[in-house]
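Only the coordinates and a few stated rules stand behind these numbers; no lab work does. In this text, all values refer to a predicted model and were calculated from it rather than measured experimentally. Heads up, the Cβs are rebuilt from the backbone with ideal geometry, glycines too, and the neighbour counts pull from every protein chain shown.
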Amino acid sequence: MSACLTLIGGGAVGLNLAARLARGGEDVLLVVRRPAVAAAIETNGACVSDPATGARWRVGLATTTGLDTIAPRLRAGPVILCTRAGDEVELAKSLAEIEPTLRVVTAQNGVRSEAGAARHVAHVSGLVVRQTCTRDAEDVVLATGSGRIVVGRHPEGTDATTAALAAAFTRAGFDVSQSEQIAADKWLKLCVNTLSPVNALVRRADHTHPAFVDLKIRLLEEARDALEAANVCARPCDDRDPDLDTEIARLAASRADGSSVRDLPLYNAVWAALRDPHKPLEADEHHQRILELAEAAGTPALAHAALRRIVIAAHREERGPEIFGAQALFDRCTASAEPKS
């Protein structure tokens, strides 16, 4: 049975999720900010292209630009927020004024969106999306593989809404799990996301360099130690996602066999923000969460502190992505003295 789903945010993640859900037979409405995007999708449909296989398909997708047009849908099904982290508080407030009984699902990266939305909405669920996707045009998104989804009720548990979402994403072709502790899955994803600046800042030719992998391992080790010291749980809800120790072991293996490079035109959100400084960086907030825990627990997180300063400076100075060699970035992030911007 088709679910009534409204997605707000037409970036790479929102467009990818909406297109796949629509193709899976769901009743989907995508709410975007710019009329030009809505017009392109309404005219051409939404296109998903897989650069790994060459597969490319389009699907019709209902699109709008105004919250005032979605009032009848808010009672019928959940609203999935695919906007940037930080927008969820005002969005939840505005939506709750239209329909007080609505259900909100936060698909943003980070660990604060669920609590932010819950300030105005009683029923909040969290969604973890593990699939790199890149916006290629107003109506085209690049993504490879089936993608991974984890959904759970905030602050804990599962319910009829998370079950319906899991079923809808499964019909859309995603590998889906329900989590009893969605915050733990969100913290795990945040730790993995702190590696994104390394991918974005290091030149693609250096992605097989040992220092490229070693810096990622250092970041995950610091994050793991900070979370353990602060008694914060970051773990997968089942064995379909790796925990931090397994991720570290996988990185070490990739250093040995040279599989750390991705030869596909897929770029993370940090790369996109460095390419277009008008886009929000977001990665600095992920490092800041780790640094807050490390400081409170008295645990060092020097690589996180240094990388945060470096990526903020690169974004502010509009230097673009892929501006470092792997060894140079590793040295700056692991030096005992504070690196200069």
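Quickly estimate the mean residue ellipticity at 222 nm for the chain, helices only: each DSSP H run with n ≥ 4 gives -39500 (n - 2.57), and the total goes over all residues, rounded to 500. It would help to have the intermediate numbers written out before the result.
Values: 14 runs with 152 residues, N = 341.
It comes out at -13500 deg cm²/dmol, rounded to the nearest 500.
Taking only the alpha-carbon atoms of segment 98-137, what semi-axes of the equivalent ellipsoid follow from 5 times the gyration tensor eigenvalues under a square root, in whole Å, largest first? Spell out each step's value before the answer.
Values: eigenvalues 117, 32, 13 Å².
Equivalent ellipsoid of segment 98-137: 24, 13, 8 Å, largest first.
Using the number of other C-beta atoms within 10 angstrom as an exposure proxy, rank T158, T43, T83 with the fewest first. Walk me through the numbers on the way to the answer.
Numbers: T158 18, T43 9, T83 22.
Fewest to most other Cβ atoms nearby, the residues stand as T43, T158, T83.
Kindly provide the chymotrypsin sites (Phe, Trp or Tyr not before Pro) of segment 130-227 that DSSP labels as loop, not H, G, I, E or B, and whose Cβ sees at most 15 other Cβ atoms within 10 Å. Please report the intermediate quantities before stating the final value.
Numbers: sites: F169, F174, W187, F212; in loops: F174.
Passing sites in segment 130-227 do not exist.
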- Task: Would you compute, for the Cα atoms of segment 187-334, the largest minus smallest coordinate along each principal axis and list the three values in descending order, in whole Å?
- Result: 38, 34, 27
- Rounded to the nearest 20 Debye, what is the dipole magnitude of segment 4-180 about its Cα centre when Lys and Arg each give +1 and Asp and Glu each give -1 at the C-beta? 200 debye
- Fewest-first sequence of V28, V140 by Cβ atoms within 10 Å of each Cβ: V140, V28
- Item | Among N268, N44, N16: highest mean-square fluctuation, GNM of the chain, C-alpha pairs under 10 Å | N44
- Take segment 53-182, drop everything but the C-alpha atoms, weight them equally and run the Debye formula without solvent; then report log10 I(q)/I(0) at 0.15 Å⁻¹ to two decimals. -0.77
- Pairwise centroid distance, computed over Cα atoms, of segment 83-102 with segment 260-286, Å: 26 Å
- Item | 3J(HN,Hα) from dihedral phi, segment 264-270, Karplus parametrisation 6.51/-1.76/1.60, rounded to Hz, x for glycine, proline | 9, x, 10, 10, 6, 5, 5
- Could you size up the charge dipole of the chain around its Cα centre, putting +1 on the beta carbon of Lys and Arg and -1 on that of Asp and Glu, and report it in debye to the nearest 20? 600 debye
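Please compute the net charge surrounding V192, taking Lys and Arg as +1 and Asp and Glu as -1 over other residues with Cβ under 12 Å from its Cβ. List each step's numbers first, then the result.
Working: positive: R130, R148, K186, K189, K216, R224, R250; negative: D185, D241, D243, E247.
It works out to a net charge of +3.
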- Item | Dipole axis of segment 187-334 (+1 Lys, Arg; -1 Asp, Glu on Cβ), positive-most option in V192, H209, A252 | H209
- Item | 20 Å-binned pair-distance histogram of the chain (Cα, whole percent) | 31, 59, 10
- Note on the structure: Restricting to Cα pairs under 8 Å and 6 or more apart, the percent relative contact order of segment 108-234 works out to 22 percent
- Task: Give, rounded to the nearest 20 debye, the magnitude of the charge dipole that segment 72-148 has about its Cα centre when Lys and Arg contribute +1 at Cβ and Asp and Glu contribute -1 at Cβ.
- Result: 300 debye
- Kindly provide the pair-distance distribution of segment 133-262 built from C-alpha pairs, with 10 Å bins from 0 and whole-percent values in order of increasing distance. 11, 33, 35, 19, 2
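Find the relative contact order for the chain and round it to a whole percent, using C-alpha pairs within less than 8 Å whose residues are 6+ positions apart. Before the final figure, lay out the partial values.
Values: 683 pairs, mean separation 49.1, N = 341.
With pairs under 8 Å counted, the relative contact order is 14 percent.
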- Task: Within 10 Å of each residue's Cβ, count the other Cβ atoms and sort T106, T101 from fewest upward.
- Result: T101, T106
- Message: Could you tell me which residue out of I98, G145, P51 lies farthest along the dipole of segment 4-180 toward its positive end? Charges go on the beta carbon: Lys and Arg +1, Asp and Glu -1, centred on the Cα centre.
- Response: P51
- Just going by the charge dipole of the chain, with Lys and Arg at +1 and Asp and Glu at -1 on Cβ, which of F324, T63, G173 is farthest out on the positive end? T63
